[in-house]
1. Using the membrane-span-like helix rule (whole DSSP H runs, Cα extent along the own axis of at least 30 Å, mean Kyte-Doolittle hydropathy at least 1.0), which helices of the chain qualify?
2. Toward the positive end of the charge dipole of the chain, about the Cα centre and with charges on Cβ (Lys, Arg +1; Asp, Glu -1), which of Val177, Gly197, Ala37 goes farthest?
3. Restricting to bridges with both residues inside the chain, how much of the DSSP beta-bridge set is antiparallel, in percent to the nearest 5?
4. Choose one of Ser138, Ser241, Phe164: the residue whose Cα lies farthest towards the positive end of the charge dipole of the stretch 112-268 (beta-carbon charges +1 Lys, Arg; -1 Asp, Glu; about the Cα centre).
5. If you rank Arg21, Arg237, Arg166 by how much accessible surface each has, with a 1.4 Å probe, what is the order from largest down?
6. Taking 8 Å as the Cα distance limit and 6 or more residues as the minimum spacing, I'd like the relative contact order of the chain as a percentage.
7. Magnitude of the Cβ-charge dipole of the chain, K/R +1 and D/E -1, about the Cα centre, nearest 20 debye?
8. Assign one of three labels to the stretch 146-268, namely rounded, prolate or oblate, based on the Cα gyration tensor with a ≥ b ≥ c the square roots of its eigenvalues; rounded applies when a/c is under 1.5, prolate when it is not and a/b is larger than b/c, and oblate otherwise.
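The values are calculated or read from the model by the stated rules, or taken from the named source; none is laboratory data. What you are looking at is a predicted structure, and each value in this text was computed from that prediction instead of being measured. As a convention, Cβ positions derive from the backbone with ideal geometry for all residues, glycine included, and neighbour counts pool all protein chains shown. Surface accessibility is based on the protein's heavy atoms, side chains included, excluding ligands, DNA and RNA. Shrake-Rupley method; radii C 1.70, N 1.55, O 1.52, S 1.80 Å.
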Amino acid sequence: MVKLIIRDDDVSYFTCPNDLREVYAAEEFNGFPISFAAIPMVMDISTKAACPETKGNTVPQWIGKNNPLVDYLSNLASHGLADILLHGITHSYKVDDGKRLAEMQWRDEPDLEDKICEYRSRMSQLFAYPVSVFVAPSNKISRYGIRAIAANGMNYSGIIPITFDRDVSFRSVYNYVRRWWSRWFVGLPYPGVMDYGDHREMNACTLQGYDYLVKMYCYCEKHGYPMAVNVHYWHLRDHPSELQELIRFVAFAREQGAVPAKLSDVLK
């Protein structure tokens, strides 16, 4: 039995609830909770936006000002059909010496731990939902950022890279070996939950097509791992063929006995 998760990134002040309704309107998503990674104060201060809605937005926009979106997500969450995750603070990118850096790569402020605490609390109150998982924009984060997340008692959706950006410990080395053994010998990112002692982490695989998702599912089923798929509602909205690939996979997984799950629950 595979616990199956869909992690949908980039929900923000600019998100139209109807886009979410339409993306997840298929019968295959009926009763399926979506783990929405939401941006508290979205803005874009780089030369290239991550998603089309935020392009050119240089003023932070609080997600709470989008009342229809808040009502929609809060209602879903109250019925067990949405999981709310913290997706950075502003999701803004910076260009340093020609290199584009994701938010949790360049954020090294002394008060980062306090900022995460503040926006976790504000988001929890806004949606009347206990936010407990952090998702880094572009899935990239520094060792300093991981420490700030752990200090707030949060878990993380992501995976340790080859550069080993985690504090060195027996558990982190063990997780590193497991992660790269899976990549080198299986050809897949390690999908299971990794325990670091002060927090837990779980990767979400990308939407690389139906065959790839089925391969990942079969690997998870064989070894008793959960499986998370990372998508972006705006990309699925603008690329219907990829949405159909996801729908096809979800239908397959549910036929195989997969149990729809929330990321926050799996990481507890």
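1. Values: long enough: none.
Length and hydropathy pass: none found.
2. Toward the positive end, the furthest listed residue is Val177.
3. On the way: 7 of 32 bridges.
If I count the DSSP bridges inside the chain, around 20 percent turn out antiparallel.
4. Phe164
5. On the way: Arg21 110, Arg237 70, Arg166 5 Å².
Sorted descending by solvent-accessible area, the residues read Arg21, Arg237, Arg166.
6. Numbers: 485 pairs, mean separation 68.4, N = 268.
About 26 percent, as a whole number.
7. Details: 29 positive and 32 negative charges, 118 e Å.
Once rounded to the nearest 20, the dipole reads 560 debye.
8. On the way: a/c = 1.90, a/b = 1.63, b/c = 1.17.
In terms of gyration-tensor shape, prolate.
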